[in-house]
Amino acid sequence: MVDAVQDQDDFVPPAEVAEMELYHPKSWLTKYVFSQDAKVIAIQYSFTAIAIGLVALVLSWMMRLQLGFPETFSFIEAEDYYQFITMHGMIMVIYLLTALFLGGFGNYLIPLMVGARDMVFPYVNMLSYWIYLAAVLVLLASFFVPGGPTGAGWTLYPPQAILPGTPGSEGGIVLMLVSLALFIVGFTMGGLNYVVTVLQARTRGMTLMRLPLTIWGIFMATVLALLAFPALFVGAVMMTFDSLLGTSFFMPAISQFGEQLKYGGGSPILFQHLFWFFGHPEVYIVALPAFGIVSDLISVHARRHIFGYRLMVWAIVIIGALSFIVWAHHMYVSGMNPYFGFFFATTTLIIAIPTAIKVYNWVLTLWRGNIQLTVPMLFAIGFIVTFVNGGITGLFLGNVVVDVPLSDTMFVVAHFHMVMGVAPIMVVFGAIYHWFPKMTGRLMNVPMGQFHFWVTFVGAYAIFLPLHYLGFLGVPRRYYAMLDTGFIPESAQDLNAFVTVVVLIVGAAQMLFLYNIAVSMIKGKKSGPNPWRATSLEWQTPQTPPGHGNFGPTLPVVYRWAYAYGLPDATEDYVPQNLAPDQLMSDYDNSGLSHSAAQAAE
Amino acid sequence: MNLLQQLMEKPWLTEDNTVVELRDGRTFALSREKLGLRVFLVVVMVVFSLMMAAYIERKVFSDWHSVPLPWLLWLNTVILVFSSLAMHRAWISARRTEIDGVRVWLYAGGFFALVFLIGQLLAWWELVASGYYAAVDPANAFFFMLTALHGVHLIGGLVAWWRTMAKVTRGCGVVLVRISVELCTVYWHFLLLIWLALFALMLFT
């Protein structure tokens, strides 16, 4: 196969493109614990992220118990409540979603999908995981220091974040900041790997425009993260100094209980700018991998090539670039110049264009596709719906005049949970159901998966639609209890109780999902190497789960894009990326290959 | 083929296959290590740019009291330039396959970097001795933070330098250390530029 290729072209390097020296583990410890194999690191990342995510899930139940049934649970004090919302937000956004999408799926899929043996800097990659684990442990440690974890809200705005009176101002806030700094250092190590592997370690024939969209999404999200996380790093370092050394980067002259504090001359708004310069790209750090993965799920399970591949790639790049010039739309109420607000409202609305292009392309991929309602497909469709919902409320909030009255209400909570909570988590579930057979060689239980999907999907709407409504009524976010509030009807409390009940049901469904993973890992139906009949390289490995070095003695050579589905003339309706054209001819005895491929592209 | 052309390809057209099916998978004509370092330098540049932006943002307010910069910083700057020049000579020697030159100039580069760090500490000492504590004024805090951050990056560079040095003393051939020397040199030049920018910012604004 490879020889035939060489005959056609002289200046192609010999069979193995940039074959790397693989690190071969010598002991159990270096094979499974301090492993430099991206697949093992991916699974370590995923399990750690899911474990800490479970903590955040439990915290959300506690919050909802308080909101649904105030003055019922004596073990939830106001301080506890603030600590719960802070830790819930921070863990879900950074330690779960970012780590799972980039550290988990990124590590597992990038080398396999681009046709590489491993990441380009495996040792640095291993360090990346262990520093991430240290960050998680430091974060968890903050639950056990005097005063508990920080209760400053996940945005950690100074001055309140480090002043006495805010829960966790004794030690919790410092541990939070140290943990974030560690996370960023660890992520940067991983991020270097993801970027350089995608750019320089692709196998022969895998051009940039033949990459599956999953890789494009993860790649661009990594670029965003490498450029955005430094802002959080700088903010965290400066606030640590403010808290520990008494500097005044963010602390203005301030008096508390009639006593002048030692601080003076700092700028709290500066922190908000730094935080949101990170915080807004962070939305897309979570969303872009979801965009990419969902594109592949839809294409595979609808047996149809992705509609408008090139525009999908460009849209990912454009969204990534635009996400750096919209950050101040999170700060409309911080007292900014109206022209400044106008600029950020405009850029915010412009970002809707590439995003809308993506949504149309997903729907047009489904259009007249041979839709298989597998569990991954259910979650993919669930993603499109929730993402459109959350995106549209984003257009409301992007406008200054609409945002100002809605700011800090439950409407905002509902909006961002729809768009960057529920929607990406739908993709996480879909992706786990989709790639689980490759990771374990077994299929997940389908009825349990369907039940999991319907409870999660319907539950998400039952939770967050009422929250939109409560937001319109003026129910503020971050309030421990409403007590007697004249402008909010008493029935709002019934709605809150309803939401809490649904939250507990949806939470229980997630336990079923974990049970499904555990059972299927041991007793699931054998899947074979390619149960979804997919084209991309990870499904063409000689072993399932893929062995050390991913591919056999030679790396695969790629002949086409990853979306050759629904070919009408072929006996199979798909063609793997690495199937040589001459093999294709003999396999299918079919002279109409280019004809059918052209039809597929129409 | 440049990046833009690569992004303009239409992968769904079979005619394109003959053109692209054999191309090796690299986007840039750079080794992995060199590209990795460049990506890292971009990240570091973002960190310093944000810190400098924060400095400027704070400085425009009327209650800003600049730190009197110790004269020692001028001397340190010259030493850092020497350090960079020595590393550059090491790189040239590495390209000419002269292992002795590599050894000598690497030593010189690392030595000057260490002297620079000690000089920075002395400059701190001078400020602290005259009462410019970090907690007294944001300007002092910025001075300490910016210099410390730069110093930490240089210490990180010295770790890489030390590993390269170990390879050279172990008797690895020039070919094996060439890439390490080159990466160190690029990093040194980069940190010199960062220092010049920081110094200029604190001097002139």
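Descriptive notes on the structure:
- Where only DSSP H runs of four or more residues are counted, the protein assembly as shown gives -21500 deg cm²/dmol as its mean residue ellipticity at 222 nm, each run worth -39500 (n - 2.57).
- Net length gained if the chain between A:VAL145 and A:PHE342 were fully extended (0.36 nm per residue, minus Cα distance): 66.5 nm
- Under the criterion of Cα pairs below 8 Å and six or more residues apart, the relative contact order for the range A:459-552 equals 25 percent.
- Rounded to the nearest 20 debye, the dipole magnitude of the range A:439-536 is 840 debye, with +1 charges on Lys and Arg beta carbons, -1 on Asp and Glu beta carbons, and the Cα centre as origin.
- Computed from Cα positions, the angle between helix A:338-350 and the longest principal axis of chain A comes to roughly 30 degrees.
- Three-way shape call for the range A:344-420 based on the alpha-carbon gyration tensor, with the a/c threshold at 1.5: oblate
- Global form of chain A, assessed from the alpha-carbon gyration tensor, a/c cut-off 1.5: prolate
- Full-stretch length increase - A:VAL363, A:LEU349 - with 0.36 nm per residue and alpha-carbon distance subtracted: 2.9 nm
- Restricting the range A:19-112 to GluC sites (Glu not before Pro) that sit in a DSSP loop and have at most 16 other Cβ atoms within 10 Å of their own Cβ leaves A:GLU19, A:GLU21, A:GLU71, A:GLU77.
- Estimated from the Cβ-Cβ distance and a Förster radius of 56 angstrom, the FRET efficiency linking A:ASN370 and A:PHE75 is about 0.60.
- Three-way shape label, chain B, alpha-carbon gyration tensor, a/c 1.5: oblate
- Relative contact order of the range A:374-527, taken over Cα pairs closer than 8 Å and 6 or more residues apart, is 33 percent.
- Rounded to two decimals, the Cα-based Rg/Rh of the range A:39-80, with Kirkwood Rh, is 1.26.
- In summary, the lysines within cross-link reach of A:LYS526, defined as a Cα separation below 27 angstrom excluding same-chain residues under 8 places away, comprise A:LYS31, A:LYS39, A:LYS438.
- Ignoring the sites themselves, chain A has its longest run without trypsin sites (Lys or Arg not before Pro) in a DSSP loop having at most 10 other Cβ atoms within 10 Å at A:27-367.
- Counting every pair of alpha carbons in the range B:90-135, the share spaced more than 17 Å apart comes to 53 percent.
- Taking amide H as placed 1.01 Å from N in the peptide plane, the amide H of A:ARG442 sits under 5 Å from that of A:SER527, each at least 5 places away or on another chain.
- Qualifying chymotrypsin sites (Phe, Trp or Tyr not before Pro) for the range B:107-205 [loop in DSSP, other Cβ within 10 Å: at most 15]: B:TYR133
- Restricting the range B:89-119 to trypsin sites (Lys or Arg not before Pro) in coil, as DSSP defines it, with at most 15 other Cβ within 10 Å: B:ARG96
- For chain A: relative contact order, % (alpha-carbon pairs under 8 angstrom, 6 or more apart): 15
- Chain A: angle of helix A:38-68 to the longest principal axis, Cα-based, in degrees nearest 10: 40
- Folded to 0 to 90 degrees: helix A:213-244 orientation relative to chain A principal axis, Cα: 30
- Nearest-0.05 FRET efficiency for B:VAL104 and B:LEU75, computed from C-beta distance (R0 25 Å): 0.60
- Cβ-based charge dipole, the protein assembly as shown, positive-most Cα from A:THR48, A:ALA518, B:VAL186: B:VAL186
- R0 of 30 Å, Cβ-Cβ distance A:ALA481-A:LEU514: FRET efficiency to nearest 0.05: 0.40
- Listing A:MET331, A:MET444, A:MET482 from fewest to most neighbouring C-beta atoms within 10 Å gives A:MET482, A:MET331, A:MET444.
- Listed by chain and number, the lysines whose C-alpha is less than 27 Å from the C-alpha of A:LYS262, apart from same-chain residues fewer than 8 away, are B:LYS59.
- Positive contributions from Lys and Arg (+1) and negative ones from Asp and Glu (-1), summed over other residues with Cβ under 13 Å from the Cβ of A:ILE269, come out at 0.
- Those lysines that a straight Cα-Cα span of less than 22 Å connects to B:LYS10, excepting residues fewer than 8 apart in one chain: A:LYS358
- Summing charges over neighbours of A:SER334, with a neighbour being any other residue whose Cβ is under 15 Å away from its Cβ, gives -3 when K and R count +1 and D and E count -1.
- Projecting label points 7 angstrom from Cα along Cα→Cβ for A:THR554 and A:PHE34 puts them 3.7 nm apart.
The numbers here are math on the coordinates, done by the rules we state, and not lab data. Not measured: the values here are computed from a predicted model. Quick reminder, even Gly has a Cβ in these numbers, built from the backbone with ideal geometry, and neighbours come from all protein chains shown.
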